[in-house]
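Structure first, then comments.
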Amino acid sequence: MTKKCAKVSESAFTRWFCERLTRVNAYCVPIVASGMQQSGLPDRYVCHHKFRGWLEFKKGDGRLSEAQRLTIKSLQERGDVAFVVRAYRGTWVFAEDITGEVLAQVEYVKLLSLADPDCGLALVDFLISAREKVRHN
């Protein structure tokens, strides 16, 4: 499978992803960096009745910072769910661990073709699939 870089910005993809989750009754808490909080925290905390976890959004070949890598690892060591959601426009959306190993994948164009609430429900299923792999690592 070939990965292609997204033509959409990371912030636009994050907004699209979270809007779809919100439409199926998820709560997506944005984590905004400031001088008062620890650096490296993932972009969103998602709370849905079927999934709870931390998501770090990246597009294309965007890399995790060392602080992000360490924070995700630390969250996982504490029993929390945390992973990277990476967008490759026109091809795939991947859930990855901090080493880049693919935990789950879904076709981006297929998601775009789904009406509400099916798109949001497909994203929840995608997150659940990734969570199951994180717990078995």
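The values are calculated or read from the model by the stated rules, or taken from the named source; none is laboratory data. This structure is a prediction, so every number in the text was calculated from the model and none was measured. Cβ placement follows ideal geometry from the backbone for every residue including glycine, while neighbour counts extend to all protein chains displayed.
Values for this structure:
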quantity	calculated
Selection from the stretch 107-137 of residues that are of a type outside the set (A, V, I, L, M, F, W, C), closer than 15 Å to ARG20 by Cβ and surrounded by fewer than 12 Cβ atoms within 10 Å (Cβ to Cβ)	SER113, ASP116
Some residue of the stretch 117-126 being modelled with pLDDT under 95 and among the aromatic types (Phe, Trp, Tyr)	no
CYS18 vs. criteria closer than 22 Å to ASP118 by Cα, at pLDDT 95 or above, buried (at least 19 other Cβ atoms within 10 Å of the Cβ) and not charged (D, E, K, R)	yes
Strands (runs of 3 or more DSSP E) wholly inside the stretch 54-119 containing at least 3 residues that are free of Cβ contacts under 8 Å to residues at least 24 places away in the same chain	102-107
